[in-house]
Amino acid sequence: MMMLMMMMCVQIIYVKLSVVMGLGWVLGFVAAFTDWSVLWYAFIVVNSLQGAMLCAAFVVTRQVMRLLADCIRPLRRRAAGGTSNDLSQSLKTPAVETPGPSNNTAVMRLSVPDID
């Protein structure tokens, strides 16, 4: 059962890579044989955004989206009227003092979320 799950994950990776890497090639060949300018523009756009498509296919996962939501949720709470203590407690941010303009001291918060 575990081996089957692992093989399914590998197959999904192969399909994602094939789509991201092969889409540009398919558009290029079709554009070369048909000589439609629209296909050439699509070919250029797809090849230019190949890195963004790889990021969307492999980096943007459920776990990453959950971690991002956990980091954004306290910021929304703060913008909706929560206190700054809520933000610092939820993100466990240490306060670092930095010199501000006109000899005043400003407090900058460094956010380093815990990764389980």
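Laboratory data are not the source of any read-out in this text; all were calculated from the coordinates shown. Remember, predicted model here, so these are calculated numbers, not experimental data. Cβ atoms come from the backbone with ideal geometry, glycine included; neighbour counts cover every protein chain shown.
Please indicate, with yes or no, whether at least one residue in segment 26-47 is outside any helix (DSSP H, G or I), surrounded by 10 or more Cβ atoms within 10 Å (Cβ to Cβ) and more than 19 Å from the chain's Cα centre (by Cα).
Scanning segment 26-47, I find at least one residue that is outside any helix (DSSP H, G or I), surrounded by 10 or more Cβ atoms within 10 Å (Cβ to Cβ) and more than 19 Å from the chain's Cα centre (by Cα), so the answer is yes.
Take the conditions in a helix (DSSP H, G or I) and surrounded by 13 or more Cβ atoms within 10 Å (Cβ to Cβ) and apply them to Leu23. Does it pass? Before the answer, list the steps.
Details: in a helix (DSSP H, G or I): yes; surrounded by 13 or more Cβ atoms within 10 Å (Cβ to Cβ): yes.
Answer is yes for this residue.
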